[in-house]
Amino acid sequence: MTPLLPLQAEALDISFKLVPAIIVFLMMASFLVIGYVFKVADADGMWVAGRGIGNIENGMAIGANWMSAASYLGLAGLVALSGFYGLAFIVGWTTGYFVLLIFLAAQMRRFGKYTAPDFVADRFNSPTARALAAFTTLLIAYVYSVGQARGMGLVGQYVFGLDIIPMIVVMMTLTVGYLTLSGMLGATKNMAVQYVILIVAFLAGVYVVGFTQGYSTILPQIEYGALINDLSTEFSAPFINNSYYIWIATAFSLIFGTCGLPHVLVRFYTVKSERTARWSTVWGLFFILLLYWGAPAMAAFGVDLFAQVNNLSPDAVYSGEQAMSGAEGDVIVVLAAQFADLPRWFVGLVAAGGMAAAIATTAGLFITASSAVAHDIYSELINPDATQRQQVLIGRATIVAIGALVTVTAFNPPALIGELVAYAFSLAGTVLFPMFFLGLWWENTNRQGALAGMTVGLLLWITSVINSVLPAYVGFLADIAGGSGQAIIPIYAQYVPPIGAALVGTPLVFLVTIAVSLVTPEPPLETKQMVRQCHSPEPMGQQQSAEDFVSSSGGETPADD
């Protein structure tokens, strides 16, 4: 694994920059205004934007929701620091959308709920399954958001010249402020704006850096390959930084983690129809690829420029006193523009794109976390008589609470931005993806099987994190492991690493869920009818769900536990 983040990126020009500061201020002000204009007061608007979003707008929201600080900053950083290994992230984070498009997008929309835990609870007739899914959703939102907060802090540090900790606090406070006001409807409108900002900023950086430095002319996404021979073998040679197994495990976890992320799947609940769900996935993948095609090029440009500016040989970029740090890798997109001697306002524009990316993803994560608490836990499990006003208030309080927790954790995160996000993907791919896939494609998957599978998946992921990550932070675990950088059980860390736990965990959860379902009673007929309705060629109403259709036909979906 790459080294942990130091407190700040030493190579950044940490100083107040007037024009970039104005850009960031106007951007944040626009987010607050849009949040106010599209503020919501009911559950439909808060959680699923009234189910009225079109395919291109939702595709842009998917792109912005997806291209977090981990994509805008962290992906290029992972490629810069890990070279060939970083391609596992590009492969994983794009291939997953093909699985979503083929197997889940339209079917999830036809099922027609508010949240991912909603689907799990109603499909498997189990409040316990809802609680497990809600807990997993909160874990994912927390782990994923820490990387976004860190990205906001690094960009704010560059633009405003302050220490990273107060910048994290300020940026997270503004983000939480507009989210508590706007809900999913305002967040979706903001995501479309945020996507335009981030993609313009990123592509401008790639093209201008490539052209002015002589790396490329028309297609830097392809032409950067000529630079590979000038870079260290640490960058270009396969499996030097990580083993073949870790490469495969990482890519696998990211592919199927994509299909299990609640803040991605909820985008299919916000659209008008199943056809819109499919097309918004296609548009989303296109918008994502616009950035992903350029990230390796920006990484290569940044590594070469880092070597030039510091008078280093290619190999010295990765070892020695002046080697690139983890934090410098995480802001390589900004550093490349800075090292290319581009105007400060232009470097500030590139940096502002990173902040827009981080804010957009944080919005999606916090909305799904708030819905997990307010809708799935409070309304469904604690107070079934809760009014819509009470749900919205609980949701807003949850956004504030998780925002505070994420902010504090981001002061000293346990890994690079991209790696932090990958932990969340591994959790989603291990615990939630098997439930969505089996729940939609095998009608005999039952409550007992789902509970057994989710429990096994959660335990496997949590033990992986305890084994490999926590010894660096918990004294007695470090003593057991023989050092803060060591794993408690090395062979477990080798084959079930937190970043790639789904390679073992997802097939195991599938097997457990199927085996337990086969030896226990089949689910009720009404549940099977709901699954069949998800695959029906007949169109459904904009506000209609599979459960509505079955109920109107005389069926029921009783809870069994």
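Please work out if A515 is of a type in the set (G, A, S), at pLDDT 95 or above, open to solvent by 30 Å² or more (accessible area, probe 1.4 Å) and in a helix (DSSP H, G or I).
Numbers: of a type in the set (G, A, S): yes; at pLDDT 95 or above: yes; open to solvent by 30 Å² or more (accessible area, probe 1.4 Å): yes; in a helix (DSSP H, G or I): yes.
Yes: the conditions hold for A515.
Give the residues of segment 77-86 that are at pLDDT 85 or above, open to solvent by less than 10 Å² (accessible area, probe 1.4 Å) and among the aliphatic types (A, V, I, L, M), sorted by residue number.
Matches in segment 77-86: V79, A80.
So which pairs qualify, if the first residue must be in segment 145-162 and in contact (Cβ under 8 Å) with a residue 40 or more places away in the chain and under 15 Å from S71 (Cβ atoms), the second must be crowded, with 24+ Cβ neighbours inside 10 Å and among the acidic types (D, E), the Cβ gap must be under 8 Å, and the two must be at least 6 apart or on different chains?
What qualifies is R150/D330; G151/D330; L154/D330.
Could you check segment 249-267 and list, in sequence order, the residues that are of a type outside the set (A, V, I, L, M), more than 10 Å from the chain's Cα centre (by Cα) and either open to solvent by 10 Å² or more (accessible area, probe 1.4 Å) or closer than 17 Å to T362 by Cβ (or both)?
Filtering segment 249-267 down to residues of a type outside the set (A, V, I, L, M) leaves 250, 252-253, 256-260, 262-263, 267.
This time we only want the ones that are more than 10 Å from the chain's Cα centre (by Cα), so: 250, 252-253, 256, 259-260, 267.
Residues satisfying the conditions are F252, F256, R267.
Would you mind stating whether A327 is buried (at least 24 other Cβ atoms within 10 Å of the Cβ) and out of contact with any Cys (no Cβ under 9 Å at 6 or more places or on another chain)?
So A327 fits the description; yes.
Pick from segment 475-508 the residues that are among the β-branched types (V, I, T) and within 21 Å of V421 (Cα to Cα): which of them is most open to solvent (accessible area, probe 1.4 Å)?
Filtering first and then ranking leaves V504.
Of A386, A363, A374, which residue is open to solvent by 10 Å² or more (accessible area, probe 1.4 Å) and either part of a helix (DSSP H, G or I) or at pLDDT below 85 (or both)?
Sole residue among the options that is open to solvent by 10 Å² or more (accessible area, probe 1.4 Å) and either part of a helix (DSSP H, G or I) or at pLDDT below 85 (or both): A386.
Filter segment 224-240 for residues that are open to solvent by less than 50 Å² (accessible area, probe 1.4 Å) and in contact (Cβ under 8 Å) with a residue 40 or more places away in the chain; which is nearest to the chain's Cα centre (by Cα)?
Result: F235.
Report yes if V99 is in contact with a Phe, Trp or Tyr (Cβ under 8 Å, 6 or more places away or on another chain), among the aliphatic types (A, V, I, L, M), open to solvent by 10 Å² or more (accessible area, probe 1.4 Å) and touching a residue at least 60 places away in the same chain (Cβ under 8 Å), otherwise no.
So V99 fits the description; yes.
Is there a residue in segment 500-513 that is over 26 Å from A121 (Cα atoms) and touching a helix residue (DSSP H, G or I) at 6+ places or on another chain (Cβ under 6 Å)?
Looking through segment 500-513, at least one residue is over 26 Å from A121 (Cα atoms) and touching a helix residue (DSSP H, G or I) at 6+ places or on another chain (Cβ under 6 Å).
Quick one: which of A327, A297 is under 25 Å from V91 (Cα atoms), in a helix (DSSP H, G or I), at pLDDT 90 or above and of a type in the set (G, A, S)?
Checking each option against the conditions leaves just A297.
What number of residues within segment 165-178 are at pLDDT 75 or above, touching a Phe, Trp or Tyr at 6+ places or on another chain (Cβ under 6 Å) and closer than 18 Å to A64 by Cβ?
Of the residues in segment 165-178, 0 are at pLDDT 75 or above, touching a Phe, Trp or Tyr at 6+ places or on another chain (Cβ under 6 Å) and closer than 18 Å to A64 by Cβ.
Name, by its number, the condition in (1) over 21 Å from the mean Cα position of the chain (by Cα); (2) in contact (Cβ under 8 Å) with a residue 40 or more places away in the chain that does not hold for A372.
(1)
Kindly indicate the residue of segment 272-294 that is under 23 Å from G329 (Cβ atoms) and not in a helix (DSSP H, G or I) and also most open to solvent (accessible area, probe 1.4 Å) among those meeting that condition.
For segment 272-294, the residue satisfying everything is W293.
For segment 38-76: of the residues being open to solvent by 10 Å² or more (accessible area, probe 1.4 Å), of a type outside the set (A, V, I, L, M, F, W, C) and at pLDDT below 70, which is nearest to D118 (Cα to Cα)?
Of everything passing the filter in segment 38-76, D44 is nearest to D118 (Cα to Cα).
Mind checking whether some residue in segment 157-167 is open to solvent by 10 Å² or more (accessible area, probe 1.4 Å) and under 21 Å from F256 (Cα atoms)?
No.
Read through the list (1) assigned to a helix (DSSP H, G or I); (2) open to solvent by 10 Å² or more (accessible area, probe 1.4 Å), then give the number of the only condition that R109 fails.
Of everything listed in (1) assigned to a helix (DSSP H, G or I); (2) open to solvent by 10 Å² or more (accessible area, probe 1.4 Å), R109 misses just condition (2).
Please find, among T175, T128, the residue that is out of contact with any Pro (no Cβ under 7 Å at 6 or more places or on another chain), touching a residue at least 60 places away in the same chain (Cβ under 8 Å) and surrounded by fewer than 24 Cβ atoms within 10 Å (Cβ to Cβ).
Within the list T175, T128, the selection yields T128.
The values are calculated or read from the model by the stated rules, or taken from the named source; none is laboratory data. All of these numbers come straight from a predicted model, not from anything done at the bench. Heads up, the Cβs are rebuilt from the backbone with ideal geometry, glycines too, and the neighbour counts pull from every protein chain shown. Quick note on the areas: whole protein, heavy atoms, side chains included, nothing else; ligands and nucleic acids left out. Shrake-Rupley method; radii C 1.70, N 1.55, O 1.52, S 1.80 Å.
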